[in-house]
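The structure appears below as structure tokens.
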Amino acid sequence: MTDYEWDDGYCNKCEMDFYNLIDKLVKDIQHLESKVVCLRHSLSVYLPEHEGKMLKYEIFSGLAGSYWEQPTYQKYMSECCGGNDPMDSETYNDLLKRLSRGEESVGL
């Protein structure tokens, strides 16, 4: 048992703080993944042909896992993202594809 009472106003603010934190973390992960894909593409150009092809083949491997099965993330998606997973959005996936082909770059 705790020695304090829950303050519903505080809990609502705390919940929004959690959503803001999750949103910031999602954006950080997307930025880091974008850099990884961009760097892998850039590196593949300078590697010997076979290694370069292998790196391009595995350009998306080892990126962040999926979080959609986590209850807190599901609530974040529902409350803040219209039920959509920002880590799996069409816009984000299109960016990664362009980066993987060297059609775009992110600041390194």
- Could you please tell me which pairs satisfy a Cβ distance under 8 Å, a separation of 6+ or placement on different chains, a first residue in the stretch 29-51 that is closer than 23 Å to MET87 by Cα, and a second residue that is of a type in the set (Lys, Arg)? ARG40/LYS56; HIS41/LYS56; HIS41/ARG101
- Task: Enumerate the pairs (first residue in the stretch 63-75 and at pLDDT below 90; second residue anywhere and in a loop (DSSP other than H, G, I, E, B)) with beta-carbon separation below 6 Å, excluding pairs fewer than 6 apart on the same chain, so at least 6 apart or on different chains.
- Result: TRP68/ASP85
- Filter the stretch 76-87 down to residues that are surrounded by 12 or more Cβ atoms within 10 Å (Cβ to Cβ) and either without any contact (Cβ under 8 Å) to a residue 24 or more places away in the chain or touching a strand residue (DSSP E or B) at 6+ places or on another chain (Cβ under 6 Å) (or both), then give me how many there are. 4
- Note on the structure: Scanning the stretch 48-102 residue by residue, those farther than 18 Å from VAL36 by Cβ and in contact with a Pro (Cβ under 8 Å, 6 or more places away or on another chain) turn out to be MET77
- Given the residues LYS53, LYS97, which is the only one that is farther than 19 Å from PHE18 by Cβ, basic (Lys, Arg) and surrounded by 13 or more Cβ atoms within 10 Å (Cβ to Cβ)? LYS97
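The values are calculated or read from the model by the stated rules, or taken from the named source; none is laboratory data. Here the structure is a predicted model, which means the values were calculated and not measured. Heads up, the Cβs are rebuilt from the backbone with ideal geometry, glycines too, and the neighbour counts pull from every protein chain shown.
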